[in-house]
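Reviewing the structure listed below.
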Ligand code: AMP
Ligand code: GLY
C-alpha cells in the first residue's frame with residue numbers, strides 16, 4: 001500500500017485526490033489541509049499548505065511515498081526543494097521553476113528570449129516612468145503586478161484615470177507588496193487553457209478547457225477565481241493545440257531546462273487565439289482551478305503512475321490516455337463572492353446528486369454540511385456532447401438547497417452559441 005499526500009484544500013485538490021482514489025493501485029490518501037469532500041476517502045491532516053516544516057515532518061513520520069502539490073503558495077514556499085533535499089518523492093516544481101508563475105517578469109523575459117508568442121511588454125518599478133509609458137500608448141492597456149497577487153494583480157485599464165489609479169496602488173501604495181509592474185499590449189480573441197505534465201524536456205498535454213472568470217452571466221461582474229469550466233472547445237482545433245505545443249509549451253519546457261530550472265510538474269498555459277495567432281496570456285506552475293475539476297475526470301491512464309514517474313524523473317512510456325467524453329462544471333459560490341460574504345449556512349440535498357461534486361469551501365458542523373468559503377462546490381457532469389453535459393450539470397444543481405449560494409447559468413455559452 002502506497003501512501004500519498006495531496007497538498008491543498010480546494011476543488012482542484014479534491015479532483016486530484018479523487019483521481020488518485022480512482023487509481024488501480026492500492027493507495028492510502030492523506031490531504032493537508034484538505035476539505036470536507038475529501039474526508040470520504042482520505043485522512044484529513046490539519047497542516048496548512050505553506051507550513052513546509054510541519055508538512056516535511058509529517059511526511060517523514062508517516063513514511064509518505066509520494067507528495068502531490070496542488071497550490072502555488074506551497075510551491076513558492078519551497079516545499080519541493082525541501083522535500084527533495086530530504087530524499088522525499090514529490091510532484092511539483094522547485095521555487096526556481098515556479099518563477100514561471102510567481103514572477104511575471106521572469107516569464108515575459110523567457111518568452112521574449114525564446115520567441116514564444118506573447119503580448120509585447122515593458123516592466124517598471126517607478127511610477128512616473130510607468131505613467132509616461134502608459135499615457136503615450138493606446139487604451140485599453142494591461143497592467144500586471146509582478147508577483148503572486150491571489151488573482152487580483154491584473155487590471156485592464158480602459159481609461160487614463162483607471163491606469164493612473166492602478167499604478168498608484170501598485171507602485172506607490174504597494175497594495176501587493178513592493179514590486180514591479182508589467183505593462184502589456186491588449187490582445188483580443190477567445191481564451192483557453194492548455195495544461196501539460198512536464199518532465200524536463202518531455203511534455204504531455206491534457207485536453208483543453210475554458211474557465212469563466214467573471215462572477216455573473218454574460219461575463220459581467222468582477223473577476224473571480226473561476227465560476228465554471230468545460231472541455232471540448234469548438235473554436236480550438238487540433239491544429240491549434242498542436243501549434244501551441246510546438247511553439248509554446250515544448251519551447252518553454254526546453255528553455256526552462258536551458259535555464260537550469262527544469263519543470264517537473266504541471267505547466268498551465270493560459271492562451272488566447274488572437275487574429276495574429278495563439279499567444280500566451282499567462283503561465284501557471286500548477287494545475288488550473290477550476291479547469292482541473294473538468295480535465296482530470298477524463299484521465300484514463302493511471303494518475304499515480306504519471307505523478308510518480310515525473311516526480312522520480314522517469315519517462316512516461318505509453319502516451320497518456322484521455323476519454324473522448326466532454327465535461328462541464330458549474331461552481332456554486334457564496335452570495336457576495338468575490339467581495340464580502342458570510343459563511344456557515346447549511347447545504348442540503350448533496351446526497352441526491354448523481355454526478356461528480358467537488359468541494360471547494362465546505363465544512364461539517366454537527367454533522368451538517370455548511371458553506372465555508374467564497375467558492376463552495378463544483379458540480380461536474382460528463383457526457384458525449386457538451387449540450388447533454390450542460391443539461392445534466394444544471395439539472396443536478398437544482399437538487400441543492402441553500403439560499404445563500406449563486407452560480408452562473410451560462411457556462412460554456414461561447415461553445416454552445418458557436419454550434
Ligand atoms: P492573467 O492573470 O495574466 O491570466 O490575467 C487575467 C485576465 O486578464 C486574463 O484571463 C485575460 O482575460 C486578461 N488579460 C491578461 N493579459 C491580457 C492581454 N495582454 N490582453 C488582453 N487581456 C488580457
Ligand atoms: N483558472 C485559472 C487559474 O487556475 O489560475
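The values are calculated or read from the model by the stated rules, or taken from the named source; none is laboratory data. As the structure is a computational prediction, the values presented were derived from the model and not from experiment. Every residue, glycine among them, receives a Cβ derived from its backbone with ideal geometry; neighbour counts consider all protein chains shown.
Annotations for the structure displayed:
- Criterion (within 13 Å of ligand 1 (Cβ to nearest atom), more than 26 Å from residue 16 (Cβ to Cβ) and without any contact (Cβ under 8 Å) to a residue 40 or more places away in the chain) met by exactly one of 219, 238: 219
- Flag: residue 103 does not match the condition of being modelled with pLDDT under 95, within 24 Å of residue 380 (Cβ to Cβ) and surrounded by fewer than 21 Cβ atoms within 10 Å (Cβ to Cβ).
- With a requirement of 1 or more residues that are within 16 Å of ligand 1 (Cβ to nearest atom), the strands (runs of 3 or more DSSP E) lying completely within region 54-156 that satisfy it span 121-124, 141-145.
Rundown of residues vs (1) crowded, with 19+ Cβ neighbours inside 10 Å; (2) under 21 Å from the mean Cα position of the chain (by Cα); (3) away from ligand 1 (no atom under 16 Å from the Cβ), yes/no style:
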site: 273; (1), (2), (3): yes, yes, no
site: 276; (1), (2), (3): no, no, no
site: 300; (1), (2), (3): no, yes, yes
site: 314; (1), (2), (3): no, no, yes
site: 348; (1), (2), (3): no, no, yes
site: 354; (1), (2), (3): no, no, yes
site: 366; (1), (2), (3): no, no, yes
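- Filtered by the rule that a residue be modelled with pLDDT of 95 or more and either within 16 Å of ligand 2 (Cβ to nearest atom) or in a loop (DSSP other than H, G, I, E, B) (or both), region 12-34 gives 12, 13, 14, 15, 16, 34.
- Residue 257 vs. criteria away from ligand 2 (no atom under 16 Å from the Cβ) and in a loop (DSSP other than H, G, I, E, B): no
- Residue check for residue 225: closer than 30 Å to residue 385 by Cβ, out of contact with any helix residue (DSSP H, G or I) (no Cβ under 6 Å at 6 or more places or on another chain) and within 15 Å of ligand 2 (Cβ to nearest atom): yes
- Test: residue in region 2-20 that is free of Cβ contacts under 8 Å to residues at least 40 places away in the same chain, touching a helix residue (DSSP H, G or I) at 6+ places or on another chain (Cβ under 9 Å) and surrounded by fewer than 24 Cβ atoms within 10 Å (Cβ to Cβ): no
- Members of region 35-51 that are out of contact with any helix residue (DSSP H, G or I) (no Cβ under 7 Å at 6 or more places or on another chain), surrounded by 15 or more Cβ atoms within 10 Å (Cβ to Cβ) and part of a loop (DSSP other than H, G, I, E, B): 36, 48, 51
- When residues in region 244-281 are screened for being in contact with a helix residue (DSSP H, G or I) (Cβ under 8 Å, 6 or more places away or on another chain) and within 19 Å of residue 102 (Cα to Cα), 15 of them pass.
- Residue in region 160-174 that is under 19 Å from the mean Cα position of the chain (by Cα) and touching a residue at least 24 places away in the same chain (Cβ under 8 Å) present: no
- Taken over region 66-96, the residue count meeting the criterion of being under 22 Å from residue 176 (Cα atoms) and in contact with a helix residue (DSSP H, G or I) (Cβ under 9 Å, 6 or more places away or on another chain) is 9.
- For region 191-212, filtering for residues that are in contact (Cβ under 8 Å) with a residue 40 or more places away in the chain and within 15 Å of ligand 2 (Cβ to nearest atom) leaves 12.
- The lone exception for residue 295 - which of (1) surrounded by 14 or more Cβ atoms within 10 Å (Cβ to Cβ); (2) without any contact (Cβ under 8 Å) to a residue 40 or more places away in the chain; (3) closer than 21 Å to residue 38 by Cα it fails: (2)
- Scanning region 1-11 for residues that are within 23 Å of residue 291 (Cβ to Cβ) and modelled with pLDDT under 95 turns up nothing.
- Selection within region 179-189: residues that are more than 10 Å from ligand 1 (Cβ to nearest atom) and assigned to a loop (DSSP other than H, G, I, E, B). The member of this set that is modelled with the lowest pLDDT is 179.
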